[in-house]
2 protein chains.
Amino acid sequence: MAAEIEQNSEQFSELLARPGLRIERIISTGQCSPPDFWYDQDEGEWVVLLQGEAQLRFADEAKARHLRAGDHLDIAPHRRHRVDWTAPDQTTIWLAIFYRA
Amino acid sequence: MAAEIEQNSEQFSELLARPGLRIERIISTGQCSPPDFWYDQDEGEWVVLLQGEAQLRFADEAKARHLRAGDHLDIAPHRRHRVDWTAPDQTTIWLAIFYRA
């Protein structure tokens, strides 16, 4: 059921790619990271929530951070993190800036 | 009348500063660039309109580009540009990413 799989995926769009810099828009509709999955990246990532709501969890923090539109944070290289939750009833839009740190 | 001057200025907030990368939020309430003023920058600038409306003009184009929320564009180093107009009746929010090109 390809259509269903597509509907259940986050949508990634690369808006800019330059040496040492990448800007992505990510659209979530209730998705979260797979169980026990952690992002562990070589790059720094600055992320801002443009719309919707999400819970982002750092491996070195006990509680997830609740993000609303306008909230932003900087994720250091190799600081493990995951998306615990995005709002199931609305579209959540992230802008992520990956940079050589 | 300091308060009035402040009210008539755009508000710049630096959200991230890293070597070769700077992220700024700019809040406009009807301001535009001074007459005959052109930005001419050493850095590349990727800009996205988060809220409001604006007209951005490039010196090498006859007509200004009308930007609405979600519109984004990349400005090459030394490509001269100015803000011709921002919506006078609403708050316009820009996110600008300056990068070493």
> So, with +1 on the Cβ of K and R and -1 on the Cβ of D and E, and no other charges, what is the size of the charge dipole of chain B about its Cα centre, to the nearest 20 debye?
Replying inline: 300
> For residue A:38, which inter-copy label distances result when the label point lies 7 Å beyond Cα on the Cα-to-Cβ vector, reported in nm to one decimal and in ascending order?
Replying inline: 5.1
> In peptide B:31-44, what is the residue-averaged number of other protein chain Cβ atoms found within 10 Å of each Cβ?
Replying inline: 0
> Can you give the mean number of other chain Cβ atoms that lie within 10 Å of the Cβ atoms in peptide A:15-23?
Replying inline: 5
> From the Cα gyration tensor of the range A:1-81, with a ≥ b ≥ c the square roots of its eigenvalues, which class applies: rounded if a/c is under 1.5, or else prolate if a/b is larger than b/c, or else oblate?
Replying inline: rounded
> Which of these, B:34, B:19, B:88, has the largest mean-square fluctuation under a Gaussian network model of chain B (Cα springs below 10 Å)?
Replying inline: B:19
>> Using Cα-Cα distances under 8 Å and only pairs 6 or more residues apart, what relative contact order does the range A:6-101 have, in percent?
In response: 39
> Between copies, how far does the label point of residue B:91 sit from its twins, in nm, shortest first, when each point is 7 Å from Cα along Cα→Cβ?
Replying inline: 2.3
>> Ratio of alpha-carbon Rg to the 2.2 N^0.38 Å globular estimate for the protein assembly as shown, to two decimals, please.
In response: 1.12
> Taking all pairs of different Cα atoms in the range B:40-101, averaging 1/r and flipping that mean, what Kirkwood radius in angstroms comes out?
Replying inline: 11.9
>> Can you compute the charge dipole magnitude of the protein assembly as shown about its Cα centre, using +1 on each Lys and Arg Cβ and -1 on each Asp and Glu Cβ, nothing else charged? Give it in debye, rounded to the nearest 20.
In response: 220
>> Using the basic label-point model (7 angstrom from Cα toward the beta carbon), what is the residue B:12 to residue B:96 distance in nanometres?
In response: 0.6
> Average partner chain C-beta neighbours within 10 Å, per residue of A:89-95?
Replying inline: 1
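Every read-out reported here was derived from the displayed coordinates using simple, explicitly stated rules and does not represent laboratory data. Predicted, not measured: the structure shown is a model, and the values here were computed from it. Ideal geometry is used to build each Cβ from the backbone, glycine not excepted, and the neighbour counts take in all protein chains shown.
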